[in-house]
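Only one structure is covered here, and it is reproduced in the block below.
Every number in this text was worked out from the coordinates using simple rules, so none of it is lab data. Only a predicted model underlies this, so the values are computations on that prediction, with no experimental measurement involved. Methodologically, a virtual Cβ is constructed for each residue, glycine included, from the backbone with ideal geometry; neighbour enumeration extends over all protein chains shown.
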């Protein structure tokens, strides 16, 4: 089943992101009080699917939060690197943020490792001493 972790009114649509598949869906009215889901498609007619890291691997982004900045919808994950049982970093794919264009719905992959590390430093939680997981975010000017 799906696990929708973010909800945004974006580009005149109500969208949500599945943190298991990385799919971006639009919530559409149905009959009466019912609502349905349909894939949000880019200008080429392709369903939007958020991928981890730089987007080159076929691993879905575990979408945990979304916000809007400069007209784009930003979608992020936990902001924590994945480690093995010995604490070695396996990947940093959940430390990248996706920016969705409001016209083309094109996805830009942005390395947010420095930003997440600044939050970690401000919380005095250096790597190896603990971790911070981000479940929600909002942008405010």
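A few points about this structure:
- Its alpha carbons give the chain an Rg and a Dmax of 15.9, 53 Å.
- For residue 80 and residue 141, a Förster radius of 35 Å and the Cβ-Cβ distance give a FRET efficiency of 0.85, rounded to the nearest 0.05.
- Principal-axis tilt of helix 113-122 within the chain, Cα atoms, nearest 10 degrees: 60
- Taking label positions 7 Å along the Cα-Cβ direction at both residue 125 and residue 103, the computed distance is 3.9 nm, reported to one decimal.
- Contour minus Cα-Cα distance for residue 70 and residue 43 (0.36 nm per residue): 7.7 nm
- Extension gain from residue 13 to residue 56, taking 0.36 nm per residue of separation minus the Cα-Cα distance: 12.8 nm
- Three semi-axes describe the equivalent ellipsoid of region 96-141; taken as square roots of 5 times the Cα gyration tensor eigenvalues and ordered largest first, they are 27, 12, 9 Å.
- Distance from region 34-83 to region 109-135 (C-alpha centre basis), Å: 20
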